[in-house]
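The next block holds one structure in the form of structure tokens; read it before the comments.
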Amino acid sequence: MLHQPITAVPTRTAERLCEVAWFSDLCGEDTEFLSIRDPAKATFSHCRDIALTAERLGFSNLLLPTSFMVGQEVIPFAAGVAPALHQIKLLTAIRCGELHPPMLARTLASLDHMLQGRLAINIINSDLPGYREAAELRYQRCAETIQILKQAWTQPRIEHDGPVYGRISLDAAPAKPYHNNGGPMLYFGGTSDGARDLCARYCDVFLMWPETEDMLYETMQDVAQRAANYGRTIDFGLRIHVIVRETEEEARAWSRHIMSKFDPVRGLALKNASQSAWSLGVQRQNQLRTQADADGFVEPLLWTDIGKTRSGAGGALVGSAGQIIEKINRYMDMGIRAFIFSGYPLIDEADWFARLVLPHLPNRPLSPPEPN
């Protein structure tokens, strides 16, 4: 762990606050026992219940993931649930390349109007389902997608000419978002140099997966410097699972409970079903798990056994309310301004977190970007 005092990296949001988000697993991975899927949890009704619960409990944001798996697709789900939500933001994962960028800009603007400006976008740069694509293609496609989105949301016209999407010349009026504020905020996660550079150049929040404090801090310093090289500052976020109880022993007992029916063969198959299973970020999560102790912890409170059965975020904070609050405050001292939590089962763990932790955090949505 980092030694005190911690010096925060430069951030877009100078105020010491945190946007606390929850997670609605549209991909059917909500469960009580890791490596065992419950088909009933992949329905629109259940995922809607998670969204309504997160808003009722006071979370500021809700991540909606995307993957070619049994469950709900992001944009139609977000549109379907939007009329029932009145305060919470929806952080909607969008994989670049799946929609023609001008139409994507229009689609997201429509969704932003449904949510009355409470839309945020999690830019996904992974391979399209069914393909293994060159990294250079993915980075270029992602950069061009963001360029077109920003033009559509902020400029009178889309005027683009790039190697992936070619020459585009369009009136941008059909794609204007709810507010004249630069459009929805862009969140982005990635580990490679290309991914870090993309976020530093174009996006508002760099999302990280669970790692030790030293590893997170090193990444933040690197990405902050890349952003500075472009004359920008960005915010940092952490996507991580959580198990919080009145005592540390109760929390650890639940971690053992959700692993009590774990099957390594089935768990690996579920993990490999994701488009990100072979990414550099997941490789780093796998490597981190090799450093864990016999109980799966790589540093106090950071438990990594979740990474045995799911791709993406492969670790959880496990501890008492006081321990979790202290840990989140340490992350804020480093400069982290956005947190996306989840736990198994999602509705039950959201209630634990909302009762024991959320009231003790400076929980407010991050401000939208300024118009260019």
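Data for the structure
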| read-out | value |
| --- | --- |
| Pairs, first assigned to a loop (DSSP other than H, G, I, E, B) in the range 57-76, second of a type in the set (Lys, Arg), C-beta under 6 Å, six or more apart | Thr66/Arg95 |
| Matching residues in the range 211-248 - criterion: being assigned to a strand (DSSP E or B) and among the aromatic types (Phe, Trp, Tyr) | Phe236 |
| All positions within the range 249-268 that are part of a loop (DSSP other than H, G, I, E, B) and under 26 Å from the mean Cα position of the chain (by Cα) | Met259, Phe262 |
| Some residue of the range 287-299 being assigned to a helix (DSSP H, G or I) and surrounded by fewer than 19 Cβ atoms within 10 Å (Cβ to Cβ) | yes |
| Number of the condition not met by Arg132 [criteria: (1) in a loop (DSSP other than H, G, I, E, B); (2) farther than 28 Å from Gly80 by Cβ; (3) touching a Lys or Arg at 6+ places or on another chain (Cβ under 9 Å)] | (3) |
| Unmet requirement for Leu280, which otherwise passes all of (1) surrounded by fewer than 16 Cβ atoms within 10 Å (Cβ to Cβ); (2) farther than 25 Å from Leu52 by Cα; (3) out of contact with any strand residue (DSSP E or B) (no Cβ under 6 Å at 6 or more places or on another chain); (4) modelled with pLDDT of 80 or more | (4) |
| Members of the range 337-368 that are within 13 Å of Thr31 (Cα to Cα), in contact with a helix residue (DSSP H, G or I) (Cβ under 6 Å, 6 or more places away or on another chain) and of a type outside the set (Phe, Trp, Tyr) | Gly343, Leu346, Ile347 |
| Single unsatisfied condition, Glu246 versus (1) buried (at least 18 other Cβ atoms within 10 Å of the Cβ); (2) in contact with a strand residue (DSSP E or B) (Cβ under 8 Å, 6 or more places away or on another chain); (3) under 29 Å from Gly319 (Cα atoms) | (1) |
| Residue match in the range 142-158 (condition: within 27 Å of Val70 (Cα to Cα), in a helix (DSSP H, G or I) and modelled with pLDDT of 95 or more) | yes |
| Considering residues of the range 159-178 that are out of contact with any Pro (no Cβ under 7 Å at 6 or more places or on another chain) and part of a loop (DSSP other than H, G, I, E, B) only, the residue nearest to Arg106 (Cα to Cα) | Lys176 |
| Pairs where the first residue, in the range 292-309, is under 15 Å from His241 (Cα atoms) and the second is basic (Lys, Arg), C-beta under 6 Å, 6+ apart | Leu301/Lys327; Thr304/Arg289; Gly307/Arg289; Thr309/Lys271 |
| Within the range 320-335, considering residues that are farther than 21 Å from Val223 by Cβ and either of a type in the set (A, V, I, L, M, F, W, C) or touching a Phe, Trp or Tyr at 6+ places or on another chain (Cβ under 9 Å) (or both), the one surrounded by the fewest Cβ atoms within 10 Å (Cβ to Cβ) | Ile325 |
| Residues being in a helix (DSSP H, G or I) and either in contact with an Asp or Glu (Cβ under 6 Å, 6 or more places away or on another chain) or under 15 Å from Arg252 (Cβ atoms) (or both) - total across the range 328-355 | 3 |
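The values are calculated or read from the model by the stated rules, or taken from the named source; none is laboratory data. Remember, predicted model here, so these are calculated numbers, not experimental data. No Cβ is skipped: glycine too gets one built from the backbone with ideal geometry, and neighbour counts run over all protein chains shown.
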